Amino acid sequence: MYTGLLHAHSYIAYLALILLVVASLNAIIGMTSNKEFKDGDRKLSLFALIFTHTQFLIGLILYFNSPNVKIFDLPMGEIMKDSNLRLYAVEHPLINIIAIILITIGWSKHKKAATSQAKFKSIAIMYALGTILVLSRIPWSNWF
């Protein structure tokens with residue numbers, strides 16, 4: 001089961017990242033061109049939100065059930081000295097939780113916005129910030 005979840009976490013990451021980039025670019029283009037916020041824009045942003053939350057839940061399960069990483073057996077000083085352990089134990093989870101929060105705030109703010117411009121703006125800013133944070137903490141050496 002662990003291996004299946006690990007593969008799902010890897011492959012869903014591609015979809016989540018593509019959707020985040022496309023939703024961010026769509027919102028930026030919509031905001032700058034004064035486009036009307038349509039149902040397709042809402043669905044694109046919603047799918048990006050769903051895939052990032054799914055990715056987060058799988059990652060959370062992996063974090064607490066990983067047979068390979070014994071991070072809870074090590075003192076925090078040891079973890080912080082090792083850049084690879086620090087990435088997996090602290091940086092990757094923490095930064096991605098912040099990214100998920102930003103993306104969720106962007107989605108929530110867009111629902112309360114009255115104008116198309118405001119809807120695009122909240123999604124553009126928050127989704128783009130979330131995407132940048134996610135990209136900053138992907139373990140690239142193990143991803144390709």
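Read-outs: derived from the displayed coordinates by stated rules, not from any lab. For clarity, every value in this text was computed on a predicted model and none was experimentally measured. Glycine gets a Cβ as well: all are built from the backbone with ideal geometry, and neighbour counts include every protein chain shown.
Laid out as a table, the results:
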{"quantity": "Using a Förster distance of 22 Å, the FRET efficiency for ILE18-LYS38 (Cβ separation, nearest 0.05)", "calculated": "0.60"}
{"quantity": "Paramagnetic reach from LEU46 in segment 92-123 [backbone N under 17 Å; point 7 Å along Cα→Cβ]", "calculated": "104-113, 119-120, 123"}
{"quantity": "Loop-located GluC sites (Glu not before Pro) in segment 1-100, at most 11 other Cβ atoms within 10 Å (DSSP)", "calculated": "GLU36"}
{"quantity": "For segment 10-89 versus segment 102-144, the gap between their alpha-carbon centres in whole angstrom", "calculated": "10"}
{"quantity": "5 angstrom amide H check on LYS35, placed H, neighbours 5+ away", "calculated": "none"}
{"quantity": "Cleavage-rule hits (trypsin sites (Lys or Arg not before Pro)) in segment 1-75: DSSP loop, at most 12 neighbouring Cβ within 10 angstrom", "calculated": "LYS38, LYS70"}
{"quantity": "Computed log₁₀ I(q)/I(0) - Debye formula, equal Cα scatterers, no solvent, the chain, q 0.15 Å⁻¹", "calculated": "-0.75"}
{"quantity": "Convex hull of segment 65-144 built on C-alpha atoms - directionally averaged projected area, nm²", "calculated": "6.8"}
